[in-house]
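The values are calculated or read from the model by the stated rules, or taken from the named source; none is laboratory data. Owing to the predicted nature of the structure, the values given are computational and were not obtained by experimental measurement. Here the Cβ positions follow ideal geometry from the backbone for every residue, glycine too, while neighbour counts run over all protein chains shown. Note: accessible area is taken over every heavy atom of the protein model, side chains too, but ligands, DNA and RNA are not part of it. Shrake-Rupley method; radii C 1.70, N 1.55, O 1.52, S 1.80 Å.
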Amino acid sequence: MRARRLHGAPPTGPAPAASPRTLVLRQEVGGRACMRAQIEHLIHLARTDPAVTIQVLPFSAGAHAGMDGPFMLMSFPAGRDLVCIESLRASLHLNEPEVVELYRTTSDLLKSDALSPKASIPLLSAIAKDLS
């Protein structure tokens with residue numbers, strides 16, 4: 001997808017969606033300027049790219065369905081849906097329908113606990129401002 005964007009071609013495939021936790025957005029990696037630039041880029045994508053959905057999971061959500069760790073849920077036009085769990089030493093790919101459904105439910109719960117895409121932008125802006 002990145003190569004297509006760099007060359008101006010429209011992206012194909014599923015639309016990316018993310019529900020980052022507030023903690024991840026406030027944990028400085030690469031320095032304040034780098035973090036601010038990354039968050040500003042997320043804001044830009046959220047405002048300008050209809051294929052991108054960003055919903056922030058606020059601290060106030062407390063314990064949530066994704067406490068077990070990050071995962072990627074992928075759907076394909078042909079073939080089975082897939083869940084990918086990456087760690088430091090390994091990558092796990094799961095495609096059993098009942099397991100994929102469990103992660104789909106987890107994803108739905110995370111989205112329902114997260115701020116709406118519209119409400120996430122002011123929080124992202126406040127975090128970027130704090131990094132100035």
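List of remarks:
- Estimated from the Cβ-Cβ distance and a Förster radius of 35 angstrom, the FRET efficiency linking M74 and S132 is about 0.45.
- In this structure, K118 and A37 have a Cβ-Cβ separation that, at R0 = 22 Å, corresponds to a calculated FRET efficiency of about 0.45.
- Averaging the sequence gap over all C-alpha pairs within less than 8 Å and six or more residues apart, then dividing by the number of residues, gives the stretch 34-131 a relative contact order of 40 percent.
- FRET efficiency, 1/(1 + (r/R0)^6) with R0 25 Å, evaluated for Q27 and I85 via beta carbons: 0.80
- Accessible area of D130 in the full protein assembly, 1.4 Å probe (Å², nearest 10): 80 Å²
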